[in-house]
Structures are given as structure tokens and as C-alpha cells.
């Protein structure tokens, strides 16, 4: 639970940045990733948060592949934020959160007929949908 409030506040902030400017500073995302890993380590002192590391790598790996396959239509900030989601939620909830994110984005695109959207707000919404499950597990 120590990670819940900072993660939620950060996610809302970068979602608003993505909507307003279409840019999220990578340095901000890197700092959030390091802070999340530090907090996860402090939650269970003496242990390396392997689930978080795995989730972070899976999230970044999936989105890096999507970034490359899409012709770089996704932003690199999406790749880094997927890593942060993976660190916070760990692999199983990461997949569920990203699935919810994609469904929400598809519905939004179908309704608005927009072809280009900021994706971080949808990723944040998807991850927020998993927070009750995550909170029960932590």
C-alpha cells in the first residue's frame, strides 16, 4: 500500500501531461521506475523484488516490440510507463491491466473516430482497474 498513492498521483500527472502536450519526459519516468523499485524493496527488506523486476521487463519488452512493429507510432514514454506498471502490479496483473487499457482505447477510438490518441491515460486507467486486486494481494 506504500506504493499506491505515489503511483496513482504520478499516473494522473503524466496522463494529463500526455493529453495536454503529447510528451512525457523520460527522466520523470526513469525516476518513477527507480522510486518504485526502491519502495518495493523497502516493503520486503532483504529481498530483491523479482516479481516487480520481471513485470517491469515484461511490460517494457512488450511495448518496445509494439513500438518497433507499429513503425514507432507508440511513444517511448509508453514503453517506459509499461515498465512502471509492471513493477507496481507485477506480471499477472500487468497483462490484465494492459488488456483493459487496449479495450478502453479501442472503444474510445470507435466512438471519437480519432486515429491518434495519447495512450498513457488508457494505460493508467487499465492499471487503476487492477489496484483493488493488487491491494488485496499486498
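Figures for the structure shown
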{"quantity": "Conditions (1) more than 12 Å from the chain's Cα centre (by Cα); (2) touching a residue at least 24 places away in the same chain (Cβ under 8 Å); (3) more than 13 Å from residue 134 (Cβ to Cβ); (4) crowded, with 18+ Cβ neighbours inside 10 Å: number failed by residue 67", "calculated": "(2)"}
{"quantity": "Members of segment 13-30 found to be surrounded by 13 or more Cβ atoms within 10 Å (Cβ to Cβ) and in a helix (DSSP H, G or I), listed by number", "calculated": "13, 14, 15, 16, 17, 18, 26, 28, 29, 30"}
{"quantity": "Contacts under 9 angstrom Cβ, first residue in segment 97-125 being in contact (Cβ under 8 Å) with a residue 60 or more places away in the chain, partner in a loop (DSSP other than H, G, I, E, B) and loosely packed, with under 11 Cβ neighbours inside 10 Å, 6 or more apart", "calculated": "none"}
{"quantity": "Top-ranked residue of segment 74-97 - restricted to ones that are under 19 Å from residue 115 (Cα atoms) and under 11 Å from the mean Cα position of the chain (by Cα), ranked as surrounded by the fewest Cβ atoms within 10 Å (Cβ to Cβ)", "calculated": "77"}
{"quantity": "Residue ID - modelled with the lowest pLDDT, chosen from residues in segment 40-53 that are surrounded by 12 or more Cβ atoms within 10 Å (Cβ to Cβ) and either touching a helix residue (DSSP H, G or I) at 6+ places or on another chain (Cβ under 6 Å) or within 20 Å of residue 95 (Cβ to Cβ) (or both)", "calculated": "49"}
{"quantity": "Residue within segment 31-39 that is farther than 12 Å from residue 80 by Cα, without any contact (Cβ under 8 Å) to a residue 24 or more places away in the chain and in contact with a helix residue (DSSP H, G or I) (Cβ under 8 Å, 6 or more places away or on another chain) present", "calculated": "no"}
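The values are calculated or read from the model by the stated rules, or taken from the named source; none is laboratory data. These numbers come from a predicted model, not from an experiment. Neighbour counts run over all protein chains shown; Cβ positions are idealised from the backbone, glycine included.
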